[in-house]
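What follows is a short report on a single structure.
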Amino acid sequence: MCGGYWGPERLPDWSSGSYILTFGITPPGRLRKQLYTVTDVRHQPGRTVVVTLTPQSGRVPEYKPGQFVFVRIKEDMYPFEEHPYSLITSPQNPNEIKVAIKDLGDYTHRMQELPVGVEATVEGPYDGVWHVEEKLDNPNENLILLAGGVGITPMLGILEELSLKKPPNNVMLVWGLNEPGEFAFAEEFDKFKREIPNFTLVPFFANEKGFLDTQKVQALLQEHNLLFEESQFVLCGPKLFMTAVEKALLESRVQKDSIYYEAFAL
């Protein structure tokens, strides 16, 4: 998941999309925990760290791009807590998983200094924002990913899967950030540009261009010759971002069943 989660008493207002994911404090139908080892920690701009986890026995359980897992670090300096993180890897790699963690509070601040070699339990996968193999079956249909801030994390998993499947579709990611210093995952994006046949990355910095609204979203698609009526849209980010982008799409006459969401709270 992008970052925290909505409890049942805090449902988002977005009721028009194809589906909305809502999460309680405890996921339904708990899955078995598996023991992993932290095998790599890579720091990124924007106070973000990419953590690689390798299962101590067996293989990574099957999952779909964009799903999330609960992680608990088995180290005395970390609280006995599980936290949800989106998988940024592809299920085609059965030997490891990766999560990206942004410094947004006490616990995630500690995760920025996570040492290699510690053990962790991983539970999941759970749910998912959008399934590549189910929805991108028309080569003439565009895929437009719109992420706000840490909402980029499930998008990275989707793009990693697309880099392996190499679909002919036009794929565009618009990543809304406050400033250029927050731009991360340059190595991953270079790979996606090389390996996804028709991939376009559009970083959108609020301190330079303002926040995304209907006019800006329309201009972006027109600039890249992408038609609203030939596109599917996947949204993930903070509430204000999601509300603004959904409004822009609906005002542009995008069909409700062409909009997919993941909602989260910090």
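The values are calculated or read from the model by the stated rules, or taken from the named source; none is laboratory data. All values reported here derive from a predicted model rather than from experimental measurement. Methodologically, a virtual Cβ is constructed for each residue, glycine included, from the backbone with ideal geometry; neighbour enumeration extends over all protein chains shown. What goes into the accessible areas is simple: the full protein's heavy atoms, side chains included, and nothing from ligands, DNA or RNA. Shrake-Rupley method; radii C 1.70, N 1.55, O 1.52, S 1.80 Å.
Data table
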read-out: Cα convex hull volume per residue for segment 29-69 (Å³); value: 111
read-out: Stretch gain in nm, segment LEU104-ASN138, where the contour uses 0.36 nm per residue and the Cα spacing is subtracted; value: 8.4 nm
read-out: Modelled FRET efficiency - R0 22 Å, ASN225 with LYS165, Cβ distances, 0.05 increments; value: 0.45
read-out: Nearby lysines by direct alpha-carbon distance to LYS209 (threshold 19 angstrom, same-chain neighbours under 8 apart not counted); value: LYS247
read-out: Two-site label geometry, ARG253 and ASN95: point separation in nm, points 7 Å out along Cα→Cβ; value: 5.2
read-out: Accessible-area value, HIS43, 1.4 Å probe, nucleic acids and ligands omitted, Å²; value: 110
read-out: D (Stokes-Einstein, µm²/s), Kirkwood Cα radius, segment 195-260, 1.002 mPa s at 20 °C; value: 168
read-out: Computed P(r) (all Cα pairs; segment 101-188; 5 Å bins; percent); value: 3, 10, 17, 20, 19, 15, 10, 5, 2, 0
read-out: Segment 134-266 - convex hull of the alpha-carbon atoms, volume per residue in Å³; value: 106
